[in-house]
Amino acid sequence: MAKWTPTHEAPEPLEGPVVATITGGTILWFVLFLVQLPFYGWFDDHGHTWWVWTCLAGAGLGLIGIWYVRGRDAAIKRGAAENQPQESQPQEK
C-alpha cells in the first residue's frame, strides 16, 4: 500500500469564473434539450429517448449547481471580508 501514497503535496485548487461556467453549462444542456425536442419521435423509434431526458436532467441539475456555487461564492467573499483588518476609526474627543 505504501507505493500508492503520494510523495508530494496536492496543488492548490483552481479558482475561476465558477458561477459563469456552471451557468453556461446549464444553458447548454437546456438548449440541447430544446433542439432535440422536435425530433422526439425519431428518438422514440430508435430507443434513444434517454438522450432527450439526459439533457433535461443536466439542465435541472445545473440549476441546483448555480444555486450552490452562488452561495459558495458569497460565503467565500464573506469570509474574506471578515478576515480583512478593520480600518481604525478616529476617536472623537
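Each value in this text was obtained by applying a stated rule to the coordinates, not by laboratory testing. As the structure is a prediction and not an experimental result, all values here were calculated from the model. Virtual Cβ from ideal backbone geometry, glycine too; neighbours counted across all protein chains shown.
Things to note:
- Full-extension gain in nm, His46 to Val18, via 0.36 nm per residue minus C-alpha separation: 6.4 nm
- Pairs of Cα atoms nearer than 8 Å and 6+ residues apart set the relative contact order; for the chain it is 34 percent.
- Computed from phi, the 3J(HN,Hα) profile of the stretch 43-51 under the Karplus parametrisation 6.51, -1.76, 1.60 (θ = phi - 60°) reads 4, 5, 5, 9, x, 10, 5, 5, 4 Hz, with x in place of Gly and Pro.
- Lys/Arg +1, Asp/Glu -1 at C-beta; the chain dipole; positive extreme among Pro6, Tyr68, Ala80: Ala80
- On the beta carbon distance between Ala75 and Ala10, with R0 = 25 Å, the FRET formula returns roughly 0.70.
- Counting all C-alpha pairs of the stretch 9-75, share separated by more than 19 Å (%): 46
- About its Cα centre, the chain has a charge dipole of approximately 120 debye under the convention of +1 per Lys or Arg Cβ and -1 per Asp or Glu Cβ, with nothing else charged.
- Per-residue Karplus couplings for the stretch 3-17, computed as 6.51 cos²θ - 1.76 cosθ + 1.60 with θ equal to phi - 60°, are listed in order as 5, 8, 6, x, 9, 9, 6, 6, x, 5, x, 7, 10, x, x Hz, Gly and Pro entered as x.
- Only DSSP H runs of four or more residues enter the estimate; each adds -39500 (n - 2.57), and after division by the residues of the chain the mean residue ellipticity at 222 nm equals -22000 deg cm²/dmol.
- Helix 18-36 vs. the chain, principal-axis angle (Cα, 0 to 90°, nearest 10): 10
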